[in-house]
Amino acid sequence: MKFAFIDKKSPQPEKVLAYAEKKVGKLDRYFRSDAEATVRFQEKKRGQVKLEVTVRTGSSIFRSETYSDSMYSAIDAAVDTIEGQIRKNKTRLSKRLRTDAFDPVEFTGVDASEPDAPLEIARAKRFPLRPMSVEEAVLQMNLLGHTFFAFRDADEGEAFAVVYAREDGGYGLIVDQP
């Protein structure tokens, strides 16, 4: 697994980076050799820390965002979250993960004969996507009071796009690249 560490505001000590690499490296048993992990450290107000761990492998992305008073506990919580995501969706992910990723001893107490619950779509909406500029899409999203808005980006040859509200108050844009 390849690692990338990103420090926001203040650099982390080597022992924290080594701890993060050791803990996140344990997730390597679930993935093929092409996995890449990005660990983003950020110190917040009042001594609280924010840690984002993103693992990319093939077409799958696993992400965890944790807040804690200690960087070590944030790392532990983030790794536990990603392991939980993998375990929860193990049958759906079986084609994307390594064939020997799951140790049978690991799942004692879990009834393997019971299939995972099917994904339940609570509500479906269908609507036409109009071509518009990114600015117009942000305005439309704000008018609707939503946190995201799907549209056809007129500036990108009417490619499918999504604008979304970010935690920091800004906006994000996702554009389909055919």
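The values are calculated or read from the model by the stated rules, or taken from the named source; none is laboratory data. Here the structure is a predicted model, which means the values were calculated and not measured. Note that we place each Cβ from the backbone using ideal geometry, even for glycine, and neighbour counts take in every protein chain shown. Keep in mind that these areas ignore ligands, DNA and RNA; they rest on the heavy atoms of the full protein, side chains included. Shrake-Rupley method; radii C 1.70, N 1.55, O 1.52, S 1.80 Å.
For this structure, a couple of remarks:
- Karplus-derived HN-Hα couplings along the stretch 69-83 (A = 6.51, B = -1.76, C = 1.60, θ = phi - 60°), whole Hz, x at Gly and Pro: 8, 10, 5, 5, 5, 5, 5, 4, 5, 5, 5, 4, 4, 5, 4
- Sparse packing (at most 10 other Cβ atoms within 10 Å of the Cβ) combined with a DSSP loop state is found for the following trypsin sites (Lys or Arg not before Pro) in the stretch 1-65: LYS9.
- Per residue accessible area in Å² of the stretch 12-94, where ligands, DNA and RNA are left out and the probe is 1.4 Å: 53 Å²
- When the alpha carbon gyration tensor of the stretch 4-63 is reduced to an equivalent ellipsoid, the three semi-axes, largest first, read 24, 13, 9 Å.
- Violating pairs (Cα-Cα greater than 29 angstrom) within the set LYS15/LYS50; LYS45/LYS125; LYS15/LYS88: LYS45/LYS125; LYS15/LYS88
- Heavy-atom surface analysis with a 1.4 Å probe gives the stretch 1-62 a carbon and sulfur content of 46 percent of its accessible area.
- Rg of the Cα atoms in the stretch 129-174, relative to 2.2 N^0.38 Å, amounts to 1.04.
- Modelled FRET efficiency - R0 22 Å, VAL175 with PHE127, Cβ distances, 0.05 increments: 0.70
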